[in-house]
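Single-structure report; data block below.
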Amino acid sequence: MPKQPYSSKLPPKPKTRIPKWVGISVLLAGVTSASMAAGAFLAVSLGSTPLLQSDLSDEEAAFFTQDDIATGNSLRLPRLTRPVNVLVLGVKVTSSDIEDYEAVEADGYDALVDSFEGLSDTMLLLRFDPSSERVSVLSIPRDTRTSVDDVVTKINEANRDGGPALSAQAVSELMGGVAIDRYMRINVQGVETLIDALGGVEVNVPRDMKYQDDSQHLYINLEAGEQRLDGDKALQFLRYRYDDQGDIGRIQRQQMMMRALTEQALNPTTIGRLPKILSVIQSHVDTNLSVEELVALVGFGAQTDRSNVQMLMLPGEFSSYEDYELSYWLPNYSEIDTMAAQYFGLANTYGAAEAVDPASLRVAIQDSTYDDFAVQSLTDSLYNAGYYNVFIDRSWPQPLSETRIVAQSGDLRSAETVQRFLGVGEVRVESTGNLESDITIQLGHDWLDQHGEAL
């Protein structure tokens, strides 16, 4: 596939009047209410793609499935007719990425440029599955070492070299042939403005974050603790990758923020900010989702229980300095095949996940109670139940009222077994726990409430 030239400006396209619900559907990626769309969706054709800003060739369009994914009529809102996989790319383009550098250079530093044609800074594969009534979100590290157009390199180069089509091809091959139905690209400049339009986002900053890069005018200065971040600080939170976990720690923080935005977006006050949100959407989002498909995803997301939103990370490990000159995330293809079958509809021989022997599970404990006896009692209880590979990790930075049993590697069945044994807590399929664990228990005060007398 030929490389696409860099450009700081997108080709002109006719301005289309987009109903407010289209902007909200893109922003919330299926987690806000579809009911607000009822009076507006007739303003444009259901089959139109008003946010499509890429000129895809027939060959590039063929990388995405052509089958219908939604259906509806004038009497009811569209609904999903089958599971849908959507590739989401967060794109960061700086002036040095552009061929005509002098034309976009700003005051002598490497400035962010409003474009979709650069390296993908964030890569997510979302599956909306009406049969299981769940949404699965897979984070793919940008340094993942894989084949991109028959060249072994980092997967984030796919968007720069061939746009959304080449990115879809690379992800599909990495995932063993998982079909990619649609794509969505979001320019990183739009993230800041979108979060400001939402009125900020409430998150817990797990540690002090400080970093300075004068060449990009990137200044990160966040203090640890629960706080509301405006767009600028939220972008600092998302872009920070200067700790011992590098890009993987950044993915964990992205998942934390996605959880927070999901819950906040359901707040009715969001409706009052629709005009401001809409003004950002058109210039910072590129997607081949049609109007009908957007509304169907909104409706499905609005009905999905929080516990059925599952956040995963591509299985793998860091490369060593002895193996490669560059730093890579090395995929574990066996675990990827299992995850693709369990969460993304890949038909293979794995079938339903089998029960795992507790003795083989790596269980990490992250304490938020600051009670040594509580931690010891939990460790003893797990050991007596056959969980012999248990270790104490760093404490969770904020007190938790409810224990979280985190299926770090996507093993939902084992996490549910642990939850039933403990008798407390909620199960979360996400990658915010210890990277070396299969299950991470983030110990909350409900364990103290249940076992207080014994302690």
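Taking all protein chains into account, the per residue accessible area for segment 111-222 stands at 32 Å² (1.4 Å probe).
Peptides 80-89, 319-328, 333-342 ordered by packing proxy, namely the average of other Cβ atoms within 10 Å per residue, highest first: 80-89, 333-342, 319-328. For the pair GLU436 and ASN204, label points projected 7 Å from Cα toward Cβ lie 2.3 nm apart.
Between ASP232 and ALA61, how high is the FRET efficiency from 1/(1 + (r/R0)^6) when r is the Cβ-Cβ distance and R₀ = 35 Å? Nearest 0.05. It comes out at approximately 0.45. Accessible surface computed residue by residue for segment 288-403, with neighbouring protein chains in place and a 1.4 Å probe, gives 52 Å² per residue. The portion of the accessible surface of segment 141-214 made up by carbon and sulfur, rounded to a whole percent, is 41 (1.4 Å probe; DNA, RNA and ligands excluded). Carbon and sulfur atoms: what percent of the 1.4 Å accessible area of segment 317-455 do they account for? Roughly 48 percent, rounded to a whole number. Peptides 172-178, 383-389, ordered by how many other C-beta atoms sit within 10 Å of their residues on average, highest first, read 172-178, 383-389. If the chain linking ARG362 and TYR321 were pulled fully straight, counting 0.36 nm for each residue of separation and taking away their Cα-Cα distance, it would gain 12.2 nm. Each residue of segment 167-180 was assigned a 3J(HN,Hα) from its phi angle through the Karplus curve 6.51 cos²θ - 1.76 cosθ + 1.60 (θ = phi - 60°); the sequence is 4, 4, 5, 5, 5, 4, 5, 4, 8, x, x, 4, 6, 10 Hz, with glycine and proline shown as x.
3J(HN,Hα) couplings calculated from phi for segment 431-447 with the Karplus curve 6.51 cos²θ - 1.76 cosθ + 1.60 (θ = phi - 60°) are, in sequence order, 10, 9, x, 6, 5, 8, 9, 8, 10, 10, 9, 8, 6, x, 6, 5, 5 Hz; Gly and Pro show x. The 3J(HN,Hα) values that the Karplus relation (6.51, -1.76, 1.60; θ = phi - 60°) gives for segment 77-93 are, in residue order, 6, x, 10, 5, 9, 6, x, 10, 9, 10, 8, 10, 10, x, 10, 10, 10 Hz. Gly and Pro appear as x.
The values are calculated or read from the model by the stated rules, or taken from the named source; none is laboratory data. Values in this document were obtained by computation on a predicted structure and should not be read as measured data. All Cβ positions, even for glycine, are placed from backbone atoms using ideal geometry, and neighbour counts span all protein chains on display. Heads up: the accessible areas ignore ligands, DNA and RNA and are worked out on the full protein's heavy atoms, side chains in. Shrake-Rupley method; radii C 1.70, N 1.55, O 1.52, S 1.80 Å.
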